[in-house]
1. Please work out the C-alpha center-to-center distance from the range 51-79 to the range 117-149 and express it in whole Å.
2. Would you kindly derive the ³J(HN,Hα) couplings of the range 106-116 from the backbone phi angles with the Karplus curve 6.51 cos²θ - 1.76 cosθ + 1.60 (θ = phi - 60°), listing them in order in whole Hz, with x for Gly and Pro?
3. Which net charge results for the neighbourhood of R20, defined as the other residues with beta-carbon distances under 11 angstrom from its beta-carbon, given Lys and Arg at +1 and Asp and Glu at -1?
4. Counting only C-alpha contacts under 8 Å and six or more residues apart, can you give the relative contact order of the range 3-83 as a whole percent?
5. At a threshold of 8 angstrom on Cα-Cα distance, excluding pairs fewer than six apart, so keeping six or more, what relative contact order does the range 100-157 reach in percent?
6. How charged is the neighbourhood of E224? Take every other residue with its Cβ under 12 Å from the Cβ of E224, and add Lys/Arg as +1 and Asp/Glu as -1.
7. Tilt of helix 20-34 relative to the longest C-alpha principal axis of the chain, in degrees (0 to 90, nearest 10)?
8. With charges set only on the Cβ (+1 for Lys and Arg, -1 for Asp and Glu), what does the dipole of the range 3-83 come to about its Cα centre, in debye to the nearest 20?
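Since every read-out is calculated from the coordinates, none of them should be taken as a lab result. Quick caveat: nothing in here was measured; it's all calculated off a predicted structure. Heads up, the Cβs are rebuilt from the backbone with ideal geometry, glycines too, and the neighbour counts pull from every protein chain shown.
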Amino acid sequence: MNAAAFLSPDEWLETSGGPRYVRLRQRLEQGIEDGVLPPNSSLPPEREIADITGLSRATVRKAIQELVKQGAIVQRQGSGSFVRDAAPRLEQSLSHLTSFTEDMRHRGMETSSKWLERGVFLPSTEEIEVLGLPADGQVARICRLREAGGRPMAVERASLPLDILPNPLAVRESLYDLLGESGSRPVRAIQKISAVNLAEEDATLLGVAEGVAGLSIQRISYLESGRVAEFTRSNYRGDAYDFVAELRLTP
Ligand code: 16G
């Protein structure tokens, strides 16, 4: 079945309730899922979808914009709308210290987070060592499932000294934005990347089967003064991320 036949309204538009743009969005989602609209295929132009369905162009645009926000459809200037790649791989440069929110914004993707844990805790031995905390001190922890374009990308567990993040509940979408507001955004970081087979908890959160390959990343970030500001352990979906490092010959 081609896209035009699939969008022909008799079968779906009149048979279910809800706003018309939602019904069109659902029909397109179904087409993507069933492979009628395969990865990288182009969608008919808005005008044509409006003609086929009898919907207004504004309604068609609204449905498509929702799918763009979800990351299911990408728009390319001058050439129209396309179904996204089967498993879009995102590249993160290993030479710039950026936040998850910045990385995704740079690609035009919307981010969201699900809070798994946040608060003030007694530190573990590892946190005491890495963050240089007094043994009887406290630590701020924030654990999040990070999503981009509606897809889960990483489980992130960040620990920070309490004077750097006094109120973990104050973090909204971006930790680095908040740290920037208080003048304690890290300026340098060391990252260790290793392969991991995702254990049940993180695999479930990331929407993959237990034991599937992922990337485990440990980031230790520093303030200008050289003090450790953040210790983060993250598990990324292996099929979603490429980390790219630029290498130069030393002069
Ligand atoms: C990145 C960092 C993480 C940092 C987060 C802040 C890696 C492996 N990790 O995900 O250490 O806490 O960005 O992002 O890159 P945010 O400002 O969007 O909360």
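1. 42 Å
2. Listing the rounded values in order: 4, 9, x, 9, 7, 10, 8, 9, 10, 6, 9 Hz.
3. +3
4. RCO, the range 3-83: 34 percent.
5. So the answer I get is 37 percent.
6. +3
7. Helix 20-34 and the main axis of the chain meet at about 80 degrees.
8. Dipole about the Cα centre, nearest 20: 420 debye.
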